[in-house]
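Values quoted throughout were computed directly from the atomic coordinates according to the rules given, and no laboratory measurement underlies them. Quick caveat, the model's predicted, so the values are computed rather than measured. Every residue, glycine among them, receives a Cβ derived from its backbone with ideal geometry; neighbour counts consider all protein chains shown.
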Amino acid sequence: MICFTTFELMIFSENFSLKTYNTFGIDAKAKYFTAFESIAELNSILISEIYKNNKTFVLGGGSNVLFKEDYDGLIIHNKIAGICILEDNKNDVIVEVGAGKNWHNFVMWSVSQGLSGIENLALIPGTVGASPIQNIGAYGLEVKDTIIKVAAIEIATQKVKTFSNAECEFQYRNSIFKGKRKGEFIITKVTFNLSKIPFNKTSYGVIAEELKSLDKAPSPQSIAEAVINIRSRKLPNPEELGNSGSFFKNPVILTPKFTALQKKFPKLVGYKISETETKVAAGWLIDNAGLKGYRKADAGVHINQALVLVNYGEASGEEIIALAKEIQTIVKEKYDIQIVPEVNIL
């Protein structure tokens, strides 16, 4: 790896097209664009005049962002890669992973080693560094279940700060990096505890059913295969149809309200997450509001998964946002539930 240590060696591109850097395929342009592969390169960016004189956004895989217009500032692309085994003991393997590493590729590495803990999160787009920000989750697991610590550069001081799992303040699709300290840190590495003892979590969704159709017993490898099959059937490939995966969060409501709604809508899907709260399937709400497959020009709701908004070709960010707002209004009127986007809108 080549590490640049001075600002003069960094490359800043102007009027840079972001079309291939966001999975929605929105043809927005950045006033300035640069990338880093090491902490030294990142610190060089942070002391540059271009950084100091412009608003900034750190971009990973571009799978959780929607550009509503050209970005009048500096886009910084995180490309820190690598997987380092820190500890290998009887039951667990502790690994440190670069924040720019492709998330799905990391999952595939994990299952190839016979390790468990993240196999249910296969085929989620994005990077390792984005995973704790969003506290990504799927099929009964969240990334917080395996994260030990997160290393990040504090922008104000350019010093490395390490956050323990507890200090990350993980919540459903949220963390300290997305909440009260948003914009203060750039994640560089994430340390995971992967288990040699299989989790074999198959009760959520249709994983057990998929394993049965594959005629395979639960294992990290087979569960990852099942999840990939399920997601591939339900979700469009961003390389073929622009999208950011799940556009909306699954709303969490009080259980008495869910019970009352279920009397009116008997097939309403929800999962109890505490003694008082239930998480409702936003996709079900949108689908049963008659919006699956709904389309306005090149902005639409996917025909197989109502939780996914898609760009059929030339949709602008503003058109995607207008569609999202229309969906929010219809869902609110029908169910008295406010759904909110997962994606970052810039």
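In terms of surrounding Cβ atoms within a 10 Å radius of their Cβ, Val150, Val95 rank from fewest to most as Val95, Val150.
The modelled label-to-label distance for the pair Thr329/Asn105, using points 7 Å beyond Cα in the direction of Cβ, is 4.3 nm. Computed on the Cα trace of segment 83-195, the radius of gyration divided by the Kirkwood hydrodynamic radius gives Rg/Rh = 0.95. Here the gap between Gln113 and Asp215, fully extended at 0.36 nm per residue and compared with their Cα-Cα distance, gives a gain of 34.5 nm. 3J(HN,Hα) couplings calculated from phi for segment 221-237 with the Karplus curve 6.51 cos²θ - 1.76 cosθ + 1.60 (θ = phi - 60°) are, in sequence order, 5, 6, 5, 4, 4, 4, 5, 4, 4, 5, 5, 5, 6, 8, 10, x, 6 Hz; Gly and Pro show x. Phi angles of segment 251-259 translate, via the Karplus equation with coefficients 6.51, -1.76, 1.60 and θ = phi - 60°, into HN-Hα couplings of x, 10, 10, 5, 4, x, 5, 4, 4 Hz per residue; Gly and Pro are given as x.
Cross-link reach is defined here as a Cα-Cα straight distance under 25 Å, omitting same-chain residues fewer than 8 places apart; for Lys189 the lysines meeting it are Lys52, Lys55, Lys79, Lys90, Lys101, Lys144, Lys149, Lys159, Lys161, Lys178, Lys180. Exposed loop positions in the chain were taken to be GluC sites (Glu not before Pro) whose DSSP state is not H, G, I, E or B and which have at most 15 other beta-carbon atoms within 10 angstrom. Between these positions, the longest stretch is 70-183.
Amide H contacts under 5 Å for Gly300: Val310, Tyr312, restricted to partners 5 or more places along the chain or on a different chain, H placed in the peptide plane at 1.01 Å from N. Once the chain from Lys79 to Thr276 is taken as fully extended at 0.36 nm per residue, the excess over their C-alpha distance is 66.8 nm.
A crude spin-label estimate for the pair Asn53 and Lys234, with each label 7 Å from Cα along the Cβ direction, gives 4.9 nm. A simple rule links phi to the HN-Hα coupling: the Karplus curve 6.51 cos²θ - 1.76 cosθ + 1.60 with θ = phi - 60°, which for segment 21-30 gives 10, 9, 6, 6, x, 6, 8, 8, 10, 9 Hz, with x for Gly and Pro. Among the listed values [x] 22.2; [y] 18.1; [z] 17.0, the one matching mean projected area of the Cα convex hull in nm² as calculated from this structure is [y].
Summarising the strand pairing of the chain, around 80 percent of its internal DSSP beta bridges are antiparallel. Under 5 Å between amide hydrogens, built in the peptide plane, is the criterion, and for Leu66 it picks out Asn344, Ile345, Leu346 among residues at least 5 positions away or on other chains. Near Ser244, the amide H atoms lying under 5 Å from its own belong to Leu309; only residues 5 or more places off or on other chains count, and H is placed 1.01 Å from N.
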